[in-house]
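Reading through the structure tokens given below for one structure.
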Amino acid sequence: MGILIAPIITEKQTAVTENTPNRYGFKVIPSATKFQIKKAVEDMYGVNVKSVNTINYDGKKYRRFTKAGVISGSKSAFKKAIVTLAEDQTIDFFENI
């Protein structure tokens, strides 16, 4: 299993990338270290990574009231990595489409 699960392409992350063009977000496996994330991004996209910041998100709990009773559960926990590239380098996620 790889370190990188998927790039984060949301409205909020796109706004961050527009303000600082060399910063990208990735969803990664929870046990990944910053060094492993840096190596995985460099190998997959052929860029030089300047720094990596990681964020651990807890799974959110939810509860819904229905005719059959209360349905409760939780969403999955995940880890997000914000990768800053060296100057004048970019990643194009849509080049293969």
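Since every read-out is calculated from the coordinates, none of them should be taken as a lab result. Every value quoted in this text rests on a predicted model; they were computed, and no experiment measured them. So basically every Cβ, Gly included, is an ideal-geometry build from the backbone, and we count neighbours across all protein chains shown.
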In whole Å, largest first, the alpha carbons of the chain cover along the principal axes 56, 27, 25
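Excluding Thr20 itself, what net charge comes from residues whose Cβ is under 15 Å from its Cβ, given Lys and Arg +1 and Asp and Glu -1?
Working: positive: Lys12, Arg23, Lys50; negative: Glu18, Glu87, Asp88.
Cβ neighbours under 15 Å give a net charge of 0.
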The long-range amide H neighbours of Ile5, using H built 1.01 Å from N in the peptide plane and a cut-off of under 5 Å, are Lys27, Val28, Ile29
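Rounded to the nearest 20 debye, what is the charge dipole size of the chain about its Cα centre when +1 sits on each Lys and Arg Cβ and -1 on each Asp and Glu Cβ? Spell out each step's value before the answer.
Numbers: 15 positive and 9 negative charges, 197 e Å.
The calculation lands at about 940 debye.
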Karplus ³J(HN,Hα) for segment 72-81 (6.51 cos²θ - 1.76 cosθ + 1.60, θ = phi - 60°; Hz, whole; x = Gly/Pro) runs 10, x, 8, 7, 6, 7, 8, 10, 10, 10
The ³J(HN,Hα) series, computed from each phi in segment 11-16 with the Karplus coefficients 6.51, -1.76 and 1.60 at θ = phi - 60°, rounded to the nearest Hz and given as x for glycine or proline, is 5, 5, 5, 5, 5, 5
Computed over the chain: longest principal axis from alpha-carbon atoms vs helix 34-45 long axis, angle to nearest 10 degrees, is 70 degrees
